1. Could I have the simple spin-label model distance between B:Asp111 and B:Val17, label points 7 Å from Cα toward Cβ, reported in nm to one decimal?
2. Of all trypsin sites (Lys or Arg not before Pro) in the range A:8-65, which ones are in loop regions per DSSP and have a Cβ with at most 15 other Cβ atoms within 10 Å?
3. Nothing charged except the Cβ atoms of Lys and Arg (+1) and of Asp and Glu (-1): what's the magnitude of the dipole of the protein assembly as shown about its Cα centre? Round to the nearest 20 debye.
4. Neighbour counts of other C-beta atoms within 10 Å: give me B:Trp99, B:Trp120, B:Trp125 arranged from fewest to most.
5. Beyond 20 Å, how much of the Cα-Cα pair distribution for chain B remains, as a whole percent?
6. Label-point separation (nm) for B:Phe103 and B:Thr24, each offset 7 Å from Cα along Cα-to-Cβ?
7. Counting only Cα, what are the radius of gyration and maximum Cα-Cα distance Dmax of the range B:7-62, in Å?
8. Where in chain A lies the longest segment free of GluC sites (Glu not before Pro) that are both loop residues by DSSP (not H, G, I, E, B) and have at most 14 other Cβ atoms within 10 Å?
Amino acid sequence: MKTRIKELRARYNLTQEELAKKVGVRRETIVFLERGKYNPSLKLARDVAKVLETTIEELFIFEDD
Amino acid sequence: MKIRNDKDILRFSGIAVLSILTGTLMMNFLSGPTYFGIGSILILMGITAIVIAIIAAATPREDLIKDERSVRVNEKAGYHAFVILLLTMALLQAISMIWRLNFNFKAVIPDLFIVGICSWILLRWYYNRRGDIV
């Protein structure tokens, strides 16, 4: 799984810590999410997408898509 | 390193200092081995609480947030630590049956407890580091 979190975060000038605070998780969670090493819950995926003003489909890219 | 001094930390430190003070007063002004024992336990508890408060104060607040990832890490580590505990007990039982040892399980309960706690702590650290918790 690949994500566009880092790219969109940079677009909105947000640090990992700021994004983490906005969605109510630890910074580590954002780090693992960006690396595609963590499979988030639907709620967290939606929250991140909401903060970055995008959709879940655009945020997460699956290799088999 | 940033040390936090919020209300929770100060309250906990206050309880710790109070415990040490009570223990010291008890040991100095009340006679008898019982009071000496209770006093020393109170002092020990106070010192432990101060150490915990210092560790907690040095940890950033966001590291203490219980988000879904940390909950999953805790659950997975707990489950695997429990499996390790059961396997250790099964292994001990098997060894005692094969070599016909007169094994007393009651005597090894503290060791099993340590095995369980250590596995949980190590697994938690490992899963937290690895990241790919599903």
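1. Output for this residue pair reads 4.4 nm.
2. A:Arg35, A:Lys37
3. Computed charge dipole of the protein assembly as shown: roughly 260 debye.
4. On the way: B:Trp99 8, B:Trp120 19, B:Trp125 12.
Neighbour counts put them in this order, fewest first: B:Trp99, B:Trp125, B:Trp120.
5. Numbers: 6005 of 8911 pairs.
The answer is 67 percent, as a whole percent.
6. 4.9
7. 13.3, 47
8. Working: sites that count: A:Glu53, A:Glu63.
Answer from the scan: A:1-52.
Every number in this text was worked out from the coordinates using simple rules, so none of it is lab data. Please read all numbers here as calculations on a predicted model, not as lab measurements. Neighbour counts run over all protein chains shown; Cβ positions are idealised from the backbone, glycine included.
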